[in-house]
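Peer 1: What follows is a single structure, and I will ask about it in a moment.
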2 protein chains.
Amino acid sequence: MEFHLQPIGIIHSPFTDKTQTPIQASRSQAKGVVEVYPEYAEGLQDLEGFSHIFLLYAFHESSGYSLLVKPFLDDQLRGLFATRYPARPNPIGLSVVKLIKRQGNILKVEGVDMLDGTPLLDIKPYVPDFDIRTDTRYGWYAARNK
Amino acid sequence: MEFHLQPIGIIHSPFTDKTQTPIQASRSQAKGVVEVYPEYAEGLQDLEGFSHIFLLYAFHESSGYSLLVKPFLDDQLRGLFATRYPARPNPIGLSVVKLIKRQGNILKVEGVDMLDGTPLLDIKPYVPDFDIRTDTRYGWYAARNK
């Protein structure tokens, strides 16, 4: 079974170089612009009611992967799926960003951490009931070198 | 540009019928089993340190989409991207589940909301620093018929 995905837009960010991108969206106050292709614009209706959204996107500059990786925040090898490392069997990125404003098919967002020109695959509303879990444990990340 | 994805595993759940699936994972205490194909098992190392994980998967039973949809929890048409509706241009599903136990390539999880046999695309650790946003507004969902 194979799935074919086509970008529904493009994410513009200040980061043109992999070495510059912040580690994850919550650590970034960087502003970005999500340009949804006009043919999908109607699907953005009601999105402005949400303060935060998930962006799903392609890690388009990654190729290949290792099952053990050294995360940017750590100095030990970790299982790939226990990290947010970009080079993955299915290189899909996931970030929560703050939605500042929608103007038609253009979303102004804050907290981007992806490269400029990243292909957008999907947008989902961030819904606390679904997406917030408290009482969490978070393994190596909790013990990382800060 | 087109991206090709191949499942890295399969999600087993109690839900064999679309009409039975819970609305979202947080409302479900249903137990499930994530079977990661053995060739990816090494990448699961360290995952057991995390209490919660994101599952990214294919909405394999959805085909086609509308840009305006009536969400399961609402009675008005909403922009597709302001909903978690399964039929989407890129039909990728996203759920946070609780990781109960890992045994090699098998993950026992709680809070599944996807169909039995769902193709798994990726696993990411749920990291509060990245994934929890407070002070949220959540549009139509806040005003829905409960």
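The values are calculated or read from the model by the stated rules, or taken from the named source; none is laboratory data. Every value quoted in this text rests on a predicted model; they were computed, and no experiment measured them. Glycine gets a Cβ as well: all are built from the backbone with ideal geometry, and neighbour counts include every protein chain shown. Areas reflect the complete protein model, heavy atoms only, side chains present, ligands, DNA and RNA absent. Shrake-Rupley method; radii C 1.70, N 1.55, O 1.52, S 1.80 Å.
Peer 1: Work out from phi, with θ = phi - 60° and the Karplus expression 6.51 cos²θ - 1.76 cosθ + 1.60, the ³J(HN,Hα) of each residue of the range A:80-91, listed in order in whole Hz, and give x for Gly and Pro.
Peer 2: Once rounded to whole Hz, the list reads 3, 6, 8, 9, 9, 3, x, 7, 9, x, 10, x.
Peer 1: In addition: Could you work out the relative contact order of chain B, using alpha carbon pairs under 8 angstrom and six or more residues apart, expressed as a whole percent?
Peer 2: That works out to 38 percent.
Peer 1: Under the Karplus relation 6.51 cos²θ - 1.76 cosθ + 1.60, θ = phi - 60°, what is the ordered set of whole-Hz ³J(HN,Hα) values for the range A:32-37, x standing for Gly and Pro?
Peer 2: Values, residue by residue: x, 10, 9, 9, 8, 4 Hz.
Peer 1: Can I ask one more? Along Cα-to-Cβ, 7 Å out, sits the label point; list in nm, shortest first, how far the one on residue B:77 is from those in the other copies.
Peer 2: 5.5
Peer 1: How far apart, in nm, are the 7 Å Cα→Cβ label points at residue B:135 and residue B:100?
Peer 2: For the pair residue B:135/residue B:100, the computed spacing is 3.8 nm.
Peer 1: Can I ask one more? Sequence neighbours fewer than 8 away in the same chain don't count; with that in mind, list the aspartates and glutamates whose C-alpha is under 13 Å from residue A:98.
Peer 2: A:48, A:110, A:113, B:131, B:135
Peer 1: Separate question: Per the helix-only calculation at 222 nm, which mean residue ellipticity applies to chain A, given -39500 (n - 2.57) for every DSSP H run of n ≥ 4 and division by its residues, nearest 500 deg cm²/dmol? Don't skip to the answer; put the middle values down first.
Peer 2: Details: 2 runs with 8 residues, N = 146.
Helix contribution divided over all residues of chain A: -1000 deg cm²/dmol.
Peer 1: Summarise the partner chain shielding of A:113-126 as one whole number: the mean count of Cβ atoms from other chains within 10 Å of each residue's Cβ.
Peer 2: Counting Cβ atoms of other protein chains within 10 Å of each residue's Cβ and averaging gives 4.
Peer 1: Right, next: Holding the Cα-Cα limit at 23 Å, pick out from A:124/B:70; A:31/A:124; A:101/A:124; A:18/A:124; B:101/B:124 the pairs that are longer than that. It would help to have the intermediate numbers written out before the result.
Peer 2: Values: A:124/B:70 15 Å; A:31/A:124 19 Å; A:101/A:124 16 Å; A:18/A:124 25 Å; B:101/B:124 16 Å.
Pairs exceeding the cut-off: A:18/A:124.
Peer 1: Answer rounded, prolate or oblate for the range B:1-69, using the Cα gyration tensor with square roots of eigenvalues a ≥ b ≥ c: rounded when a/c is under 1.5, else prolate when a/b is larger than b/c, else oblate.
Peer 2: Since a/c reaches 1.5 but b/c is at least a/b, the shape of the range B:1-69 is classed as oblate.
Peer 1: Taking a point 7 Å out from Cα toward Cβ as the label site, list the nm distances between residue B:42 and the same residue in every other copy, smallest first.
Peer 2: Once sorted, the set of distances for residue B:42 reads 4.9 nm.
Peer 1: Something else: Can you list the HN-Hα couplings for the range B:57-67, worked out from phi with the Karplus curve (6.51, -1.76, 1.60; θ = phi - 60°), rounded to whole Hz and with x for Gly and Pro?
Peer 2: Taking θ as phi minus 60°, the curve returns 8, 8, 7, 6, 9, 9, 9, x, 6, 10, 7 Hz for the range B:57-67.
Peer 1: In peptide B:31-44, how many Cβ atoms from other protein chains are near each Cβ within 10 Å, on average?
Peer 2: 3
Peer 1: Sort shortest first the distances from residue A:128 to its counterpart in every other copy, using label points 7 Å along the Cα-to-beta-carbon line, and give them in nm.
Peer 2: Ordered by distance, the counterparts are at 1.6 nm.
Peer 1: With the calculation restricted to Cα positions, what are the radius of gyration and Dmax of the protein assembly as shown in angstrom?
Peer 2: Both quantities, over Cα of the protein assembly as shown: 17.7, 50 Å.
Peer 1: At a probe radius of 1.4 Å, figure out the A/B buried accessible area, summed over both chains, and give it in Å² to the nearest 100.
Peer 2: On the way: alone 9710 and 9690 Å², together 12490 Å².
Protein heavy atoms only, the A-B interface buries about 6900 Å².
Peer 1: Continuing with the same structure: In peptide A:72-80, what is the residue-averaged number of other protein chain Cβ atoms found within 10 Å of each Cβ?
Peer 2: Average per residue, whole number: 4.
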